[in-house]
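A.B. asks: Below are the structure tokens for one structure; questions will follow.
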Amino acid sequence: MSDSVTKYFEMLEAGGWVSNSTKPTDPIVEKVIGIMKARSEKGIEKYGTTLYDSPDGFYKFLNHLQEELMDAILYIEKLKQQK
């Protein structure tokens, strides 16, 4: 068996999968989904619309993305200095 299949069965036997369905879920993915849902709710409250319904155009979204990536670079540099 591949390592991932082996790990799958080990997790099933250990009760490591948390799910209401018959399919296993990844706790890390579930955590990120929860964070994304909370962030979406905060954004809807702040901006009065969903991202889906946002009237912003292509270039405005590119600018948002660029700003977020620049922030990410600053966070990376800060963490590197804390080594």
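A.B. asks: Checking the a/c ratio against 1.5 first, then a/b against b/c, what shape does the Cα gyration tensor give for segment 18-73? Before the final figure, lay out each step's value.
C.D. replies: Numbers: a/c = 2.71, a/b = 1.83, b/c = 1.49.
Prolate shape, in that a/c is at least 1.5 and a/b is the bigger ratio.
A.B. asks: Report, ordered by chain and residue number, the lysines lying within cross-link reach of K78, taken as a straight Cα distance under 27 Å and ignoring same-chain residues fewer than 8 apart.
C.D. replies: K31, K42
A.B. asks: Could you work out how far helix 58-81 tilts from the main Cα principal axis of the chain, as a 0 to 90 degree angle to the nearest 10?
C.D. replies: Long axis of 58-81 versus the principal axis of the chain: about 70 degrees.
A.B. asks: In debye to the nearest 20, how big a dipole does the chain give about its Cα centre with +1 on each Lys and Arg Cβ and -1 on each Asp and Glu Cβ? Each step should come with its number before you reach the end.
C.D. replies: Details: 11 positive and 13 negative charges, 41 e Å.
So the magnitude is around 200 debye.
A.B. asks: Could you go through segment 38-49 in sequence order and give the Karplus-derived ³J(HN,Hα) for each residue, using 6.51 cos²θ - 1.76 cosθ + 1.60 with θ = phi - 60°, rounded to whole Hz, and x for Gly and Pro?
C.D. replies: 5, 5, 4, 4, 5, x, 4, 5, 6, 9, x, 7
A.B. asks: Just rank S54, S4, fewest to most, by other beta-carbon atoms within 10 angstrom.
C.D. replies: By the 10 Å Cβ count, ascending: S4, S54.
A.B. asks: A follow-up question, please. Where does the chain land at 222 nm, in deg cm²/dmol rounded to the nearest 500, when only DSSP H runs of n ≥ 4 count, each adding -39500 (n - 2.57), divided by all residues? Kindly include the intermediate steps, with their values, before the conclusion.
C.D. replies: On the way: 3 runs with 57 residues, N = 83.
Rounded to the nearest 500, it is -23500 deg cm²/dmol.
A.B. asks: Further, regarding this structure: Would you please put 25-33, 69-77 in order of how densely packed they are, using the mean number of other Cβ atoms within 10 angstrom per residue and starting with the highest? Please list the in-between numbers first.
C.D. replies: Values: 25-33: 11.3, 69-77: 9.3.
Highest mean packing first, the order is 25-33, 69-77.
A.B. asks: Which residue, chosen from I76, S40, S4, occupies the Cα position most advanced towards the positive end of the dipole of the chain, where the dipole is computed from +1 (Lys, Arg) and -1 (Asp, Glu) charges on Cβ about the Cα centre?
C.D. replies: Highest projection toward the positive end goes to I76.
A.B. asks: If I fit a long axis through the Cα atoms of helix 3-14 and take the longest principal axis of the Cα atoms of the chain, what angle between them do I get, 0 to 90°, rounded to 10?
C.D. replies: 70
A.B. asks: Using a cut-off of 13 Å between beta-carbons, work out the net charge of the residues near P24 (Lys and Arg +1, Asp and Glu -1, P24 not included).
C.D. replies: -2
Where a number appears in this text, it was derived from the coordinates with a stated rule and is not lab data. From a predicted model like this one, the values you see are computed outputs, not experimental measurements. FYI the Cβ positions are ideal-geometry reconstructions off the backbone, even for glycines, and counts take in every protein chain you see.
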